[in-house]
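> The structure follows.
Just so it is clear, none of the values below were taken in a lab; they were calculated from the coordinates. In this text, all values refer to a predicted model and were calculated from it rather than measured experimentally. For neighbour counting, all protein chains shown are included, and Cβ atoms are generated from backbone atoms with ideal geometry for every residue, glycine included.
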Amino acid sequence: MLNQFSRTELLLGKEAMEKLKSSRVAVFGIGGVGSYTVEALVRSGIGAVDLIDDDKVCLTNINRQLYATRKTVGRYKVDVAEERISEINPDTKVKTFKTFYMPETAGQFNFSDYDYIVDAIDTVTGKIALAENAQAANTPIISSMGAGNKLDPTAFEVSDIYKTSVCPLAKVMRSELRKRNIRGLKVVYSKEKPITPIENSDVSCHTSCICPPGTERTCAKRRQVPGSNAFVPSVVGLIIAGEVIKDLTGITNK
């Protein structure tokens, strides 16, 4: 019977589509990378998604994040994402967590419940904890390395963390994961050398922060606010979604 996933079924087959429909994927971080990952997963027929992000849409997110528009500024990203998902496929089961993922908040999640985990968060501590918990639960995971301060979307590739080079975030992750005896982690990364952001106080969050008073975590608290664009994080997010779909179905294009 013709349905919204018919064109995908022509490539993957009915059995694979049933597998996707019965799968539950957790996406930690739904910003520039994670929002596009969620979009592609839902449009591919994933039956259940858990969205984990405590952030609200900021005006400066509009240049790269799928859920960021003038109308959504100030709203929780997970709430906006849930609404969009329901418009794409109302049968998708969505669970949202307004949670800043760290080792201290990991107890909210049963990692064995997931068929796949996507790490699209920014903090090294959180990324390490996700890798550890995924390994303990024997749940597949894919992690996004640095997408900020990059301009070449064609430079990203899929690799194991221990085969990466150049990327500063990947370097830190290799060191920390090795200490914890984590022998492998599937990642998306780039060998493009990061660009140093232009110093401009007129557009800097350090001097022109627009977050509401009382906001716990702001970009202004970072040592450096990364530059970003519309075409790098989105590509990373779509690459990740493609890997999740291929791994869940066992289908490759080789």
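> Cα to Cα, under 19 Å, and not fewer than 8 places away if on the same chain: which lysines meet these conditions relative to K193?
Output for K193: K150, K163, K171.
> Can you tell me how region 36-160 classifies by the Cα gyration tensor, rounded, prolate or oblate, using a/c under 1.5 as the rounded cut?
Rounded, since a/c falls under 1.5.
> Within 10 Å of each residue's Cβ, count the other Cβ atoms and sort R180, R64, R43 from fewest upward.
Lowest to highest Cβ neighbour count: R180, R43, R64.
> What is the gain in length, in nm to one decimal, between K98 and A137 on full extension, counting 0.36 nm per residue of separation less the C-alpha to C-alpha distance? Don't skip to the answer; put the middle values down first.
Numbers: separation 39, 0.36 × 39 = 14.04 nm, distance 2.26 nm.
Here the answer is 11.8 nm.
> Hey, another quick one. What FRET efficiency would be calculated for the residue pair R183, R70, taking the C-beta separation as r and a Förster radius of 41 Å, to the nearest 0.05? Each step should come with its number before you reach the end.
Details: r = 46 Å, r/R0 = 1.12.
Computed FRET efficiency for R183 and R70: 0.35.
> Let me ask something else about it. Can you return the lysines within cross-link range of K77? Criterion is Cα-Cα under 23 Å, with same-chain partners fewer than 8 residues away left out.
Straight-distance partners of K77: K56, K93, K95, K98, K127, K221.
> Say each of T154 and I195 gets a label point 7 Å from the Cα, pointing the same way as Cα to Cβ; how far apart are those two points in nm?
My value for the distance between the label points is 1.6 nm.
> Where in region 1-45 does the label zone of R84 land, with the point 7 angstrom along Cα→C-beta and an amide N cut-off under 14 Å?
Answer for this model: 29-44.
> Go through region 103-108 residue by residue and turn each phi into a ³J(HN,Hα) via Karplus (6.51, -1.76, 1.60, θ = phi - 60°); whole Hz please, and just put x for glycine and proline.
Going residue by residue, I get x, 5, 10, 4, x, 6 Hz, with x marking Gly and Pro.
> Calculate the spin-label point distance for F231 paired with T252, positioning each point 7 Å from the Cα along the beta-carbon direction, and give it in nanometres.
My value for the distance between the label points is 3.0 nm.
> Now for a separate question. Let me know the Kirkwood hydrodynamic radius for the chain, please, with Cα pairs as the basis and the value in Å to one decimal.
Values: mean 1/r = 0.0533 Å⁻¹.
Evaluated on the chain, it is 18.8 Å.
> Can you classify region 64-131 as rounded, prolate or oblate using the Cα gyration tensor, where a ≥ b ≥ c are the square roots of its eigenvalues, rounded means a/c under 1.5, and otherwise it's prolate if a/b beats b/c and oblate if not? Write down the numbers at each step before the final one.
Working: a/c = 2.27, a/b = 1.43, b/c = 1.59.
In terms of gyration-tensor shape, oblate.
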